[in-house]
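The next block holds one structure in the form of structure tokens; read it before the comments.
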Amino acid sequence: RSSDLATYGTQIHEKREVREARFTSTVHDIVNRGGRCLIPVFALGRAQELLLILDEYWAQHPDLHDIPIYYASSLAKKCMPVYQTYINAMNDKIRKQIAISNPFHFKHISYLRGIDQFDDIGPSVVMASPGMMQSGLSRQLFESWCTEKRNGVIIAGYCVEGTLAKHLMSEPDEISTSAGGKLARKCSIDYISFSAHSDYEQTSTFIRILKPPHIVLVHGEQNEMSRLKAALIREYEDTKDSNIVIHNPRNTEAVELHFKGEKTVKVVGTLASVKPKNEANVSGILVKKGFNYTLVAPPDLAAYTDLAPCTITQRQTVAFGPPLSVLKYFMKELAGDLEAVMWRGKPAVRVFKAVTIVKDDNHLILEWTGNHVNDMYADAVLGVILQIESNPETFEKTANEAKPTYFPDEDAYPERSEE
């Protein structure tokens, strides 16, 4: 299965080197003419990438050192220590640069807390969120700067229909403000995509390598996804042995994919020593490793797998004041027959043939072998114990009035003990 990001449909991105050069050249042109450059971005990922590009470009151009660069996103600031710490997760260029200095400790970029602290007195570059410019600082700065033709906006990522950023890509002469008014748009608008979403060539290459039977197009506008679906159909219509089915669902529309549920399981060890009869049940431990399944008896686990069986003994201590006879009476009511045993030299009661209970001073010790059944029994026993302890006088009176006689004297307990 392939779930395909259809964000850019059939569009082809520029080469990264071309994009970076066009981006830095556009920023340089805007500040050179005395303007303010606004770059609306998302807080994570693209913002850090563009900050690296700008800081490196500023370092190579001393004539720009007097022009400030700001990034204005509290979330981006909170994320920055992650980038500063996990340099080894970055590309080769960043890892080589760390030998000299941490590239995310910017020399020419400052953090801007808000528009109130912004001294807007000359050319500057501000990277602000949100990227779609529907509200927030990026919207405020745009409305302050859009009427001046020296200023410029660089849209660096994908924009959804109906947002201000998408509207600006058509270079309108007038825009609506967040307050409902109108402003003339005289600033320059440039679209230079640094989006993380794949273009058509990248998507097509991925599909050709994966060769999925089904492709589901998601995360894109309807027109773009329709164009992408048509292009993929054309690309694979002459390919032999290609039975790719492309789905283009609308929002909330379900896509049903049917797969064969049959799996082959290899039976090994003692389970394989006897040929099973037709439709007979075979019981064991099913071990999955990669795409292979093996059925093995618990005693053979260590011989045929890297696993080994073990037993978990659960033990719980709970406060309990009433005498043991009271407990025995209500355990009898709960579980029926009880078994009298010795536990580490002390008389004890076994309930459900699974949970051993021993009274130690003003406490009860419950012990059982952990599994889904015994854990359920232990929960039931503990529930009764806590009820008795919550109102001991009432429960003790009930037990005494019943005059239980079905327990042997403590001296009559068998010599057998449980460790």
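The values are calculated or read from the model by the stated rules, or taken from the named source; none is laboratory data. Keep in mind it's a predicted model, so treat the numbers as computed, not measured. Virtual Cβ from ideal backbone geometry, glycine too; neighbours counted across all protein chains shown. Please note that ligands, DNA and RNA were not included when accessible areas were found on the heavy atoms of the full protein model with its side chains. Shrake-Rupley method; radii C 1.70, N 1.55, O 1.52, S 1.80 Å.
Laid out as a table, the results:
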{"item": "Test for D306: is it within 30 Å of K289 (Cα to Cα), charged (D, E, K, R) and open to solvent by less than 70 Å² (accessible area, probe 1.4 Å)", "result": "no"}
{"item": "Every residue from region 232-252 that is assigned to a loop (DSSP other than H, G, I, E, B) and closer than 25 Å to L210 by Cα", "result": "E237, D238, T239, K240, D241, S242, N243, I244, N248, P249, R250"}
{"item": "Qualifying residue in region 270-277 (condition: in contact with an Asp or Glu (Cβ under 9 Å, 6 or more places away or on another chain) and either assigned to a loop (DSSP other than H, G, I, E, B) or open to solvent by 50 Å² or more (accessible area, probe 1.4 Å) (or both))", "result": "yes"}
{"item": "Some residue of region 348-368 being touching a strand residue (DSSP E or B) at 6+ places or on another chain (Cβ under 8 Å), open to solvent by 30 Å² or more (accessible area, probe 1.4 Å), closer than 14 Å to Q316 by Cα and assigned to a helix (DSSP H, G or I)", "result": "no"}
{"item": "Meets criteria (open to solvent by 30 Å² or more (accessible area, probe 1.4 Å), over 20 Å from K149 (Cα atoms) and either touching a residue at least 60 places away in the same chain (Cβ under 8 Å) or not aliphatic (A, V, I, L, M) (or both)) for R234", "result": "yes"}
{"item": "So E253, is it loosely packed, with under 10 Cβ neighbours inside 10 Å, modelled with pLDDT of 85 or more and of a type in the set (D, E, K, R)", "result": "yes"}
{"item": "Cβ pairs under 9 Å, 6+ apart, first in region 245-260 and without any contact (Cβ under 8 Å) to a residue 40 or more places away in the chain and over 17 Å from M225 (Cβ atoms), second open to solvent by 100 Å² or more (accessible area, probe 1.4 Å) and assigned to a loop (DSSP other than H, G, I, E, B)", "result": "F259/R1"}
{"item": "Enumeration of residues in region 178-216 that are acidic (D, E) and modelled with pLDDT under 85", "result": "D199, E201"}
{"item": "Top-ranked residue in region 166-225 [being part of a loop (DSSP other than H, G, I, E, B) and in contact with a His (Cβ under 7 Å, 6 or more places away or on another chain); ranked as surrounded by the most Cβ atoms within 10 Å (Cβ to Cβ)]", "result": "S193"}
{"item": "Single unsatisfied condition, E333 versus (1) assigned to a loop (DSSP other than H, G, I, E, B); (2) open to solvent by 70 Å² or more (accessible area, probe 1.4 Å); (3) not polar (S, T, N, Q)", "result": "(1)"}
{"item": "Subset tally (residues that are buried (at least 16 other Cβ atoms within 10 Å of the Cβ) and under 31 Å from the mean Cα position of the chain (by Cα)) for region 98-109", "result": "3"}
{"item": "Boolean, Y329 is aromatic (F, W, Y) and modelled with pLDDT of 90 or more", "result": "no"}
{"item": "Odd one out for R95 among (1) modelled with pLDDT under 80; (2) in contact with a helix residue (DSSP H, G or I) (Cβ under 9 Å, 6 or more places away or on another chain); (3) part of a loop (DSSP other than H, G, I, E, B); (4) surrounded by fewer than 16 Cβ atoms within 10 Å (Cβ to Cβ)", "result": "(3)"}
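Condition check ((1) under 30 Å from D360 (Cα atoms); (2) more than 33 Å from the chain's Cα centre (by Cα); (3) in contact (Cβ under 8 Å) with a residue 12 or more places away in the chain) across all residues:
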| site | (1), (2), (3) |
| --- | --- |
| K266 | no, yes, yes |
| G269 | no, yes, yes |
| P276 | no, yes, no |
| Y293 | no, no, yes |
| D306 | no, no, no |
